[in-house]
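Student: One structure, pasted below without further comment.
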Amino acid sequence: MPSTLAIVRRILTQFALDKRTLALLFAAPLVVLWLLSVILGADTVGPKIATVNLPTEFQTQLEQIDARITEADAR
């Protein structure tokens with residue numbers, strides 16, 4: 001048991017003295033959380049959809065979800 005405590009103490013002191021490990025331990029999660037808030041907090045943009053002979057019922061459903069519909073020529 002004393003050797004286990006000595007190993008734990010040695011590992012904790014190495015963590016405390018290693019500045020890079022401490023920086024990664026605290027800074028990396030903060031950066032990841034910030035990036036997630038930027039990505040998930042962005043405004044959503046309605047899709048642009050080009051259609052050919054789309055039934056009107058589908059077109060109205062797409063317009064209800066803010067889709068911008070463009071009628072394309074069927075050549």
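No value in this document is a laboratory result; all are computed from the given coordinates. Predicted, not measured: the structure shown is a model, and the values here were computed from it. Here the Cβ is made from the backbone with ideal geometry for all residues, glycine too, and neighbour counts use every protein chain on show.
Here is a yes/no grid of residues against (1) of a type outside the set (K, R); (2) loosely packed, with under 10 Cβ neighbours inside 10 Å; (3) part of a helix (DSSP H, G or I):
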{"residue": "R9", "(1), (2), (3)": "no, no, yes"}
{"residue": "F15", "(1), (2), (3)": "yes, no, yes"}
{"residue": "T21", "(1), (2), (3)": "yes, no, yes"}
{"residue": "I39", "(1), (2), (3)": "yes, yes, yes"}
{"residue": "T60", "(1), (2), (3)": "yes, no, yes"}
{"residue": "E63", "(1), (2), (3)": "yes, no, yes"}
{"residue": "I69", "(1), (2), (3)": "yes, no, no"}
{"residue": "A74", "(1), (2), (3)": "yes, yes, no"}
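Student: Something else: Within segment 41-57, how many residues turn out to be under 14 Å from A74 (Cα atoms) and either in contact (Cβ under 8 Å) with a residue 60 or more places away in the chain or surrounded by 10 or more Cβ atoms within 10 Å (Cβ to Cβ) (or both)?
Tutor: Of the residues in segment 41-57, the ones under 14 Å from A74 (Cα atoms) are 50-54.
Then drop every residue that is not either in contact (Cβ under 8 Å) with a residue 60 or more places away in the chain or surrounded by 10 or more Cβ atoms within 10 Å (Cβ to Cβ) (or both), which leaves 50-51, 54.
Summing the residues that are under 14 Å from A74 (Cα atoms) and either in contact (Cβ under 8 Å) with a residue 60 or more places away in the chain or surrounded by 10 or more Cβ atoms within 10 Å (Cβ to Cβ) (or both) in segment 41-57 gives 3.
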